[in-house]
């Protein structure tokens, strides 16, 4: 009985510590600084998103300076709007390499199915050689094409202003 209570108490304390660590981790909104590249997106699909530099939060809106304007504009943040912060531009080299690996594997399998059979017997060295001849150039070509494709990655920012203080109440009841 005492061991079970001690074990459940230890479990509760561990869960509280994990919860506190998760709550103390910075959210994307807390790291939003003036000058960061942001976009405001309409979730209903009407119109295009506004991309610019973050200026400041207001109680019900966000101030953004679009790249084609010298003055910032206020954009109301409602339930149909989302604010995203840019994580920077990246390439699709990894995705291209995976696609190239699939194409190379298919080419290797086609070649080996046509070459190996009848009087021709394929051992491991022929299979490795065919994979190197067809697979490696396909992976390299796919990675090269993927490196040419540049995309911008975005992460949503919570709707509340970054400077707002959140109140968190936790309660623990342990009976002995």
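Read-outs: derived from the displayed coordinates by stated rules, not from any lab. What you see is a predicted model, and the numbers here were worked out from it, not measured in a lab. Glycine also receives a Cβ, built like all others from the backbone with ideal geometry; neighbour counts cover every protein chain displayed.
Could you work out the relative contact order of the stretch 93-148? I mean the mean sequence separation of Cα pairs under 8 Å and 6+ apart, divided by the number of residues, in percent. Let's see the in-between values first.
Details: 67 pairs, mean separation 38.9, N = 56.
Here the relative contact order equals 70 percent.
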Note down the nm distance, to one decimal, between modelled labels 7 Å out along Cα→Cβ at residue 98 and at residue 56.
4.4
May I ask you to list the residues of the stretch 70-102 whose amide nitrogen lies under 15 Å from a point 7 Å from Cα along the Cα→beta-carbon direction of residue 44?
76-82
On full extension of the chain, what length is gained from residue 33 through residue 15, given 0.36 nm per residue of separation minus the C-alpha to C-alpha distance?
3.3 nm
